[in-house]
Amino acid sequence: MTTAGEVTAWLLPTGGLSDATIAGWRPLLDEAEQARADRFVFDRHRRTFIAAHALLRIRLAAACGVPPEVLRFEPGPHGKPTAWIGEVPAPLSFNLSHTEGLVGLALTPIPGRALGFDVEALDRRVTLDVADRYFRPEEVGWLHALPTASQAEGFLRLWTLKEAFIKATGDGLACDLASFWFEPLLPRVHFTPALPERPEDWWFAQRLARGFVAAVGLRTGGAEAAVRWVEVERL
Ligand SMILES: CC(C)(COP(=O)(O)OP(=O)(O)OC[C@H]1O[C@@H](n2cnc3c(N)ncnc32)[C@H](O)[C@@H]1OP(=O)(O)O)[C@@H](O)C(=O)NCCC(=O)NCCS
């Protein structure tokens, strides 16, 4: 018997947030998070960070039925954080992503799941050199076959899917980006023999809206999965 993977993905645009809103969210962060926020050189990066971590604490706390301040986060071997309530793992899996103008959070109500999430702005400057150098030939071929006007979007589709995978496993860039590849429009993953994963164990979804692209990936072990996209203006 398999269990369905239910993922909720919140998307919070940050472009229109006022200084007062950001200032109101800052106390939700713990001391170490506030210190990290203060170290950003550029104000827009600090605002994005505060919005992302306020979103994270508020949604996780609501899902666990605890106040936001009792949550603490522990980084894994490559930095992927897990959430804890005291010495007990929070009963969920999550992944956070931020980009210029948008922060996002994916959450599934089962602990210990490989869940990855990535958001990017569609107007971000891209060059196909990165794909040519680091992606699989199948992906490079797909990209170069697109009309020139669609290549930047195609690249960001691939990029967010690949990020969703390496963030789901938690390996980040310790994972060779050419050890797996995507058919982005389905979206479907494939693995080379270098990576001991089975495509049927993985589920991905992607959304393009309001100038952003988002991708979510979950190791389901073959179970069904679905994502509920929630666009929010406030927390
Ligand atoms: C962390 C990483 C996995 C993603 O970074 P990113 O795309 O710059 O950042 P995102 O905003 O999507 O995600 C950052 C968040 O992911 C989480 N995170 C950190 N390390 C992580 C890891 N190893 N795995 C999963 N999530 C991780 C954290 O919550 C972090 O937020 P925080 O720093 O505010 O606490 C990073 O290792 C990485 O891949 N950076 C390079 C980007 C790149 O060149 N990608 C090639 C794309 S194909």
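Every read-out reported here was derived from the displayed coordinates using simple, explicitly stated rules and does not represent laboratory data. Here the structure is a predicted model, which is why all the values come from computation and not from measurement. Positions of Cβ are generated from backbone atoms using ideal geometry, with glycine treated the same way; all protein chains shown enter the neighbour counts.
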Checklist entry - What is the distance, in nm, between label points placed 7 Å from the Cα along the Cα-to-Cβ direction at Asp129 and at Glu200? => result 4.3 nm
Item to check | Length-normalised contact order of segment 10-139 in % [C-alpha pairs under 8 Å, at least 6 apart] | outcome: 21 percent
Checklist entry - Comparing Gly104, Gly86, Gly116, which has the greatest mean-square fluctuation in the GNM of the chain with Cα pairs linked when under 10 Å apart? => result Gly86
Item to check | Radius 14 Å from Cβ of Trp142, net charge of other residues (Lys, Arg +1; Asp, Glu -1) | outcome: -1
Next on the checklist: How high is the relative contact order of the chain? Use alpha-carbon pairs under 8 Å, at least six apart in sequence, and give a whole percent.
Outcome noted: 25 percent
Checklist entry - For Glu31, Glu74, what's the fewest-to-most ordering of other Cβ within 10 Å of each Cβ? => result Glu31, Glu74
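Run the helix sum for the chain: -39,500 (n - 2.57) per DSSP H stretch of 4+ residues, divided by residue count, reported at 222 nm to the nearest 500 deg cm²/dmol.
Mean residue ellipticity at 222 nm (helix-derived): -9500 deg cm²/dmol.
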Checklist entry - What's the long-distance tail for segment 84-145, i.e. % of Cα pairs beyond 15 Å? => result 67 percent
Checklist entry - What is the diffusion coefficient of segment 5-231 in µm²/s, taking the Kirkwood radius over Cα pairs and the Stokes-Einstein relation at 25 °C with a viscosity of 0.890 mPa s? => result 135 µm²/s
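Multiply the residue gap between Ala121 and His78 by 0.36 nm, knock off their C-alpha separation, and tell me the result in nm, one decimal place.
13.0 nm
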Checklist entry - Convex hull over the Cα atoms of segment 33-91, averaged projected area in nm²? => result 4.5 nm²
Item to check | Of the chymotrypsin sites (Phe, Trp or Tyr not before Pro) in segment 1-44, those whose Cβ has at most 10 other Cβ within 10 Å and which sit in DSSP loop | outcome: Phe42
Checklist outcome for this item: Taking every other residue with Cβ under 15 Å from the Cβ of Glu6 and scoring Lys and Arg +1, Asp and Glu -1, one gets +3
Item to check | Projected label distance in nm at Leu186 and Thr148, using a 7 Å step from Cα toward the beta-carbon | outcome: 3.1 nm
Next on the checklist: Can you tell me which of Ala61, Ala225, Ala20 moves the most in a GNM of the chain? Springs connect C-alpha atoms under 10 Å apart.
Outcome noted: Ala20
Checklist outcome for this item: Here the net charge surrounding Gly101, from other residues whose Cβ is less than 11 Å away from its Cβ (Lys, Arg +1; Asp, Glu -1), is +1
